[in-house]
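The values are calculated or read from the model by the stated rules, or taken from the named source; none is laboratory data. The model shown is predicted, which means the values in this text are computed figures rather than measured ones. Positions of Cβ are generated from backbone atoms using ideal geometry, with glycine treated the same way; all protein chains shown enter the neighbour counts.
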Amino acid sequence: MRSAVTIVAGLLSGVLVAFGVLAALVFVGPDPVGLRPTPSPSAEPTLVAVVSLSPSPSPMASASGAVGSGGPSGSVGAGGSASASDASQAGFHVGETAPPLVVSQLGGGTIDLASFRGKAVWLNFTQTTRPESGDDFPVMNDFKARYEGEGLVVMAIDIREDEAKVAAFAVRLNATFPIGLDGDGTAQGAWGTYALPIHFWIDKDGIVRAGALGGVGRDVFAANLRKVMPGVTITP
């Protein structure tokens with residue numbers, strides 16, 4: 001009788017051990033049969049790119065530098081990609097009465113812009129150190145020679161340079177138009193010509209009709225000259 005009880009007890013012990021091993025495999029070890037429930041993925045923070053729909057301010061352009069406090073846009077200037085003949089932006093005084101201009105003239109005398117009322121005026125502010133001026137002066141000579149008889153006045157105003165230096169520059173380029181000397185920068189301040197060289201075209205009533213920075217070439221010069229000489233055939 002005792003032997004039978006011992007056998008039964010051993011069988012029960014074996015069963016309990018088997019159940020223990022099975023439980024360990026199911027709840028602790030790997031899940032080979034997919035009995036363990038799959039945990040739901042935790043919510044990861046989502047990064048959202050915020051794009052501003054308001055237009056970004058366009059950089060000024062400055063076309064070779066600012067003109068006056070506002071400066072011209074990049075559409076007008078040496079190498080400008082947009083129409084360099086359209087100088088309707090701030091800084092070129094387009095549509096305004098030309099500011100006063102009275103300076104000493106190279107070689108003696110005085111240049112007074114008001115005295116040329118009734119004529120078309122091509123006015124250039126420059127310095128001898130600006131490479132574009134070396135290109136512009138011969139072109140200005142040519143336009144003067146061709147259209148002076150039609151009432152065109154061409155002049156240049158040198159800013160803050162020694163008279164002897166300006167004289168040598170004028171001789172080297174054979175300038176045929178009068179050159180004024182703004183030795184103390186008074187005219188520069190009145191006109192806001194801080195980007196040099198810069199050109200203005202003024203009609204017979206003293207109104208600025210066009211402007212451009214230097215070095216823009218004959219086509220732009222001719223187009224702007226037409227704005228102050230209506231009825232005259234202007235060619236580059």
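Here is how the numbers come out for the structure above:
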| item | result |
| --- | --- |
| Pairs with Cβ under 6 Å, 6+ apart, first in the stretch 94-115 and without any contact (Cβ under 8 Å) to a residue 24 or more places away in the chain, second not in a strand (DSSP E or B) | none |
| Residue under evaluation A195, criteria (1) out of contact with any Asp or Glu (no Cβ under 9 Å at 6 or more places or on another chain); (2) modelled with pLDDT of 95 or more; (3) farther than 20 Å from S104 by Cα, criterion not met | (2) |
| Test: residue in the stretch 160-178 that is at pLDDT 95 or above and under 16 Å from D112 (Cα atoms) | yes |
| Number of positions in the stretch 181-196 that are over 10 Å from I159 (Cα atoms) and touching a Lys or Arg at 6+ places or on another chain (Cβ under 6 Å) | 0 |
| Selected residue [under 20 Å from V220 (Cα atoms) and within 30 Å of the chain's Cα centre (by Cα)] from V139, V153 | V139 |
